[in-house]
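Below: the structure, in structure tokens.
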Amino acid sequence: MARQFNELVKDFNSIRSYARDFYINGYKQREDFQEKSLRSYDNERRRIESYLRDYIEWEQTAQGKSLRLEVTQEQEHPFFRLWQTKSFTKNDIFLHFVLLDCLAVGGVQSLPQLTKMVHNNYLNQFSEPLSLTDITIRNKVKEYCQLGILEEIEKDKRIIYQLKPLVPLPDNVVDILHFFKEVAPAGVIGQFLLNQLVPAASPFTFKHRFIVHSLDEQVVLNVLAGLNQRRLLHLTHFNGKESTMVPMSLYVSTETGRQYLIGQLMRPNILSSIRIDGIKELSLGSVVKDYQTYRDAFEQKKHRAWNGSFNQQRLKSLKILLRIEEGKEDYLMTRLTREQRMGHSRRLDRQTVSFEIELTDLYAINPFLRTFIGKIITIESSDLTWLEQFNDDLDQLITLYLSKEADHDN
């Protein structure tokens, strides 16, 4: 008999990896897939498509079938569906409904009472009863307590179990959860809480919606746990490398949505940043006894880095004069004040504003400075290599636009 196709997922890291290959890092065609067999490619692609069928668009091209994700502002976050996958056996799915039914009908029950109800009220209804031991039932009850589905209570020196009540959600919290699930690290928690309510449209729309990072939520949760408990983090990267780090902070880019783990690497002993989407697995280690020492060093260095780019170089100064007309372009001054981070700005006269900053890596501030092109009067810096490169980039940009204008005139 032909082997039946299995739609189940044993390990979320597996579906996370395939989802990255199929929908984030460029859709891999069958001939590009080298991780496992071509049959694995077909199985995993078909499996993920079944979860994301409401979001997948495709068209026939000369090279074959081309697929892509199409997500509108009104649609739910597609990758949250992947977090609702779970592997199970026939005994697992049987006990899932039976245990919940026993506790919903019979109320609180001890383990012997639950076991008796399962055997007498359910297993006996089959002409060929399932082979289900008391140990299997007990293990499933313990597992559901760990997952938060059931609740273990001690009463009259007995351990009894009941369905864990849903988290109460006041009306004024619902909108907060709709916002949280889209913008915060580990936002999938917000979606899980909303799943217990009748589905309703979110009141928010987002100009930039960074859906791809929801695949990294478990890594983020472990990072936050490590930060809260001041414990070492053991990392396994997708490239196969391993490292150990004392966590300091979690940075999230407002420009790309990318998340970075900032911490002190043990080997080499340096402050570094690691992209969360490059971490395959992350586990908690021992408590760091001298954590505050690392923390104090980080607090000093974080004010020298524009983003997550940390290095051991000396500080470099930067001073820029900007043409921002008072009264007419106050919005630019407001934006500069809001986004300048550790820099300082001041108005020199009605048309000129000075912006000064000291950083260990001036290249990190380039995207911010480029948003003021056309307003820059002069630039001074102690890093002459950076200054030459920045001016050269501007010259190439001006030459490119002038050549396009000349072609248009001709």
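Results for (1) aliphatic (A, V, I, L, M); (2) on the phi > 0 side of the Ramachandran plot; (3) under 25 Å from the mean Cα position of the chain (by Cα), shown as yes or no for each residue.
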residue	(1), (2), (3)
138	no, no, no
143	no, no, no
146	no, no, yes
150	yes, no, no
155	no, no, no
167	yes, no, yes
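Give the residues of the stretch 141-156 that are over 11 Å from residue 111 (Cβ atoms), surrounded by 15 or more Cβ atoms within 10 Å (Cβ to Cβ) and charged (D, E, K, R), sorted by residue number.
If the condition is that a residue be over 11 Å from residue 111 (Cβ atoms), surrounded by 15 or more Cβ atoms within 10 Å (Cβ to Cβ) and charged (D, E, K, R), then 151 is the only one that fits.
Considering only the stretch 244-263, state which residues are hydroxyl-bearing (Ser, Thr, Tyr), assigned to a strand (DSSP E or B) and either out of contact with any Lys or Arg (no Cβ under 7 Å at 6 or more places or on another chain) or outside the structural domain of residue 225 (by TED's automatic domain parsing) (or both).
244, 249, 251
Give the stretch 268-293 a look and list any residue that's part of a loop (DSSP other than H, G, I, E, B) and aliphatic (A, V, I, L, M), or say none. Walk me through how you get there before you give the answer.
Quick first cut of the stretch 268-293, residues part of a loop (DSSP other than H, G, I, E, B) only: 268-270, 288-290.
The answer is 270, 288.
Residue by residue through the stretch 274-287, note down the ones that are within 16 Å of residue 224 (Cβ to Cβ) and in contact with a Phe, Trp or Tyr (Cβ under 7 Å, 6 or more places away or on another chain).
Passing the criteria: 274, 276.
Name, by its number, the condition in (1) modelled with pLDDT of 95 or more; (2) among the hydrophobic types (A, V, I, L, M, F, W, C); (3) under 37 Å from the mean Cα position of the chain (by Cα) that does not hold for residue 364.
Going through the list (1) modelled with pLDDT of 95 or more; (2) among the hydrophobic types (A, V, I, L, M, F, W, C); (3) under 37 Å from the mean Cα position of the chain (by Cα), residue 364 breaks only (1).
Answer yes or no as to whether residue 154 is under 30 Å from residue 191 (Cβ atoms) and either without any contact (Cβ under 8 Å) to a residue 60 or more places away in the chain or not assigned by TED's automatic domain parsing to the domain that holds residue 198 (or both).
No; evaluated as a whole, the condition is false for this residue.
Determine which member of the set 253, 272 is modelled with pLDDT under 95, among the small types (Gly, Ala, Ser) and within 19 Å of residue 290 (Cα to Cα).
So the residue among 253, 272 that is modelled with pLDDT under 95, among the small types (Gly, Ala, Ser) and within 19 Å of residue 290 (Cα to Cα) is 272.
Can you pull out the residues in the stretch 320-379 that are crowded, with 16+ Cβ neighbours inside 10 Å, among the aromatic types (Phe, Trp, Tyr) and not in a strand (DSSP E or B)?
368, 372
Taking into account only those residues within the stretch 36-60 that are within 25 Å of the chain's Cα centre (by Cα) and over 17 Å from residue 70 (Cα atoms), which is modelled with the lowest pLDDT?
Filtering first and then ranking leaves 41.
Within the stretch 360-404, which residues are free of Cβ contacts under 8 Å to residues at least 60 places away in the same chain, within 15 Å of residue 341 (Cβ to Cβ) and either out of contact with any Lys or Arg (no Cβ under 6 Å at 6 or more places or on another chain) or not assigned by TED's automatic domain parsing to the domain that holds residue 321 (or both)?
Of everything in the stretch 360-404, those that are free of Cβ contacts under 8 Å to residues at least 60 places away in the same chain, within 15 Å of residue 341 (Cβ to Cβ) and either out of contact with any Lys or Arg (no Cβ under 6 Å at 6 or more places or on another chain) or not assigned by TED's automatic domain parsing to the domain that holds residue 321 (or both) turn out to be 361, 364, 365, 366, 369, 371, 372.
If residue 243 meets every condition in (1) more than 27 Å from residue 367 (Cβ to Cβ); (2) touching a Pro at 6+ places or on another chain (Cβ under 6 Å); (3) of a type in the set (Gly, Ala, Ser) apart from one, which number is that one?
All conditions are met except number (2).
Restricting attention to the stretch 222-243, which residues are among the basic types (Lys, Arg), surrounded by 15 or more Cβ atoms within 10 Å (Cβ to Cβ) and not in a strand (DSSP E or B)?
First, pick out the residues of the stretch 222-243 that are among the basic types (Lys, Arg): 230-231, 241.
From what is left, the residues that are surrounded by 15 or more Cβ atoms within 10 Å (Cβ to Cβ) are 230-231.
Scanning the stretch 222-243 gives a single hit, 230.
Considering only the stretch 125-139, how many residues are in a helix (DSSP H, G or I) and modelled with pLDDT under 85?
Residues meeting the conditions: 1.
Would you say residue 127 is over 30 Å from residue 54 (Cα atoms), of a type in the set (S, T, N, Q) and exposed (fewer than 12 other Cβ atoms within 10 Å of the Cβ)?
Yes: the conditions hold for residue 127.
In this structure, is residue 231 at pLDDT 95 or above and among the basic types (Lys, Arg)?
Against the criterion (at pLDDT 95 or above and among the basic types (Lys, Arg)), residue 231 qualifies.
Among the listed residues 82, 95, 103, 67, which satisfies the condition of being touching a Lys or Arg at 6+ places or on another chain (Cβ under 9 Å), more than 25 Å from residue 181 (Cβ to Cβ), part of a helix (DSSP H, G or I) and among the aliphatic types (A, V, I, L, M)?
On inspection, the qualifying residue turns out to be 95.
The values are calculated or read from the model by the stated rules, or taken from the named source; none is laboratory data. A quick note: this is a predicted structure, and the numbers were derived from the prediction, not measured. FYI the Cβ positions are ideal-geometry reconstructions off the backbone, even for glycines, and counts take in every protein chain you see.
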